[in-house]
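Chemist: Can you keep this structure in mind? I'll have questions shortly.
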Amino acid sequence: MGNAVLKAAGVWEKIKAAGFVEKFGARFYLADGSAEKTMDFSKGYVKGLGRTFQVERAKFDALSLEHARSLGEEVRQGAAVRAVVAADDHVSLTLRVGEGPATAVTARWVIDCGGRDHLSGSEQKKALDRARWPRRAAVYSHFTGVPRATGERAGDTVVVRLPDGWFWLIPIDAERTLVGLVTTRTAWRDMGAEPGELFRRTVAASPQLRELMDAAVAVQPYRVTADYSYFRKELAGARVVLAGDAAGFFDPIFSSGV
């Protein structure tokens, strides 16, 4: 459904021309290789949503930002919002670029699209709903040498189900695949391994993952993200609205936090 937003914003043709990997669905496996399920977007209940893209975030974000600038939006990169104060008919913000002087800005409304981090100075982003699931962590990196299916299935997201988590494999360009492990923090603590070792030992324990990762080579250091599924208690307040990941993020249903 994000395609409709990109089309309405007038950026869809630029996205199509950017060379991103086309995505027509996803495949799910059990870790022991005993079961497989393929999801084809074109067979969904809502017609006309058979294709989207796997995007490299830096490239996608830069393209989207420059499109906004081309439409006449004022863009200030590197500006941190230090305070957000709402009044009856406007919002006052304090901005700072690097170590430079603070700048005051007023607006009728503020839409916070600043992601999960609490960088806006808004009190709304401090209060979270209590999680109703085990606390999880993700370990991930970029790899080359990960095999892909042929034809339209080459761009699939691949998910391998584990007893207490899952692996995701996402092709992001012709060579690189983003591969990540999601597990509970309890399971990680019980294993007592550093991130790269946890990743490798989990792959070794799964026949399906061994097949997928046999020739894979990590081309970036392993990264760790913890407690990345969350929801804010209040999504809208006095002239301030939280959008996208600023409001919440829930995985693993195709990164529905977007």
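The values are calculated or read from the model by the stated rules, or taken from the named source; none is laboratory data. These figures come from a predicted structure and were not determined experimentally. Neighbour counts run over all protein chains shown; Cβ positions are idealised from the backbone, glycine included.
Chemist: Have a look at 131, 187, 137, 193 and point out the one that is hydrophobic (A, V, I, L, M, F, W, C), out of contact with any strand residue (DSSP E or B) (no Cβ under 9 Å at 6 or more places or on another chain) and under 16 Å from residue 226 (Cα atoms).
Modeler: Every option except 193 fails the conditions.
Chemist: Now for a separate question. Within the range 89-177, considering only strands (runs of 3 or more DSSP E) that don't extend past its boundaries, which have at least 1 residues that are within 18 Å of the chain's Cα centre (by Cα)?
Modeler: On the way: elements: 91-97, 103-107, 110-112, 136-144, 157-162, 165-171.
Ranges flagged: 110-112, 136-144, 157-162, 165-171.
Chemist: Name the residue that is nearest to residue 154 (Cα to Cα), counting only residues in the range 16-73 that are touching a Pro at 6+ places or on another chain (Cβ under 6 Å) and not in a loop (DSSP other than H, G, I, E, B). If you could, list the steps in order and put the result at the bottom.
Modeler: So in the range 16-73, the residues touching a Pro at 6+ places or on another chain (Cβ under 6 Å) come out as 21, 32-33, 54.
Next cut, not in a loop (DSSP other than H, G, I, E, B) only: 21, 54.
Numbers: 21: 9, 54: 11 Å.
My answer is 21.
Chemist: Go through the range 166-184 and give me each residue that's within 20 Å of residue 136 (Cα to Cα) and not hydroxyl-bearing (Ser, Thr, Tyr). Steps first, answer last, please.
Modeler: Taking the range 166-184 first, the residues within 20 Å of residue 136 (Cα to Cα) are 166-170, 178-184.
Result: 166, 167, 168, 169, 170, 178, 179, 180, 181, 182.
Chemist: Whether any residue in the range 29-38 is more than 25 Å from residue 243 (Cα to Cα), touching a strand residue (DSSP E or B) at 6+ places or on another chain (Cβ under 6 Å), among the small types (Gly, Ala, Ser) and touching a residue at least 12 places away in the same chain (Cβ under 8 Å) is what I want to check.
Modeler: yes
Chemist: With the structure loaded, tell me whether residue 209 is modelled with pLDDT of 95 or more and either closer than 19 Å to residue 160 by Cβ or touching a strand residue (DSSP E or B) at 6+ places or on another chain (Cβ under 8 Å) (or both) or whether it fails that test.
Modeler: Numbers: modelled with pLDDT of 95 or more: yes; either closer than 19 Å to residue 160 by Cβ or touching a strand residue (DSSP E or B) at 6+ places or on another chain (Cβ under 8 Å) (or both): yes.
In short, yes.
Chemist: Being modelled with pLDDT of 90 or more and surrounded by 15 or more Cβ atoms within 10 Å (Cβ to Cβ): is that true of residue 106 here? Walk me through it before giving the result.
Modeler: Working: modelled with pLDDT of 90 or more: yes; surrounded by 15 or more Cβ atoms within 10 Å (Cβ to Cβ): no.
Taking the combined requirement at face value, the residue does not satisfy it.
Chemist: Just checking, which of 221, 195 is loosely packed, with under 15 Cβ neighbours inside 10 Å and either in the same structural domain as residue 107 (by TED's automatic domain parsing) or over 14 Å from the mean Cα position of the chain (by Cα) (or both)?
Modeler: Details: 195 fails: loosely packed, with under 15 Cβ neighbours inside 10 Å.
That would be 221, the only listed residue that is loosely packed, with under 15 Cβ neighbours inside 10 Å and either in the same structural domain as residue 107 (by TED's automatic domain parsing) or over 14 Å from the mean Cα position of the chain (by Cα) (or both).
Chemist: When you scan the range 157-179, do you find a residue that is surrounded by 15 or more Cβ atoms within 10 Å (Cβ to Cβ), farther than 27 Å from residue 23 by Cα, in contact with a strand residue (DSSP E or B) (Cβ under 6 Å, 6 or more places away or on another chain) and not charged (D, E, K, R), even just one?
Modeler: Scanning the range 157-179 turns up no residue that is surrounded by 15 or more Cβ atoms within 10 Å (Cβ to Cβ), farther than 27 Å from residue 23 by Cα, in contact with a strand residue (DSSP E or B) (Cβ under 6 Å, 6 or more places away or on another chain) and not charged (D, E, K, R).
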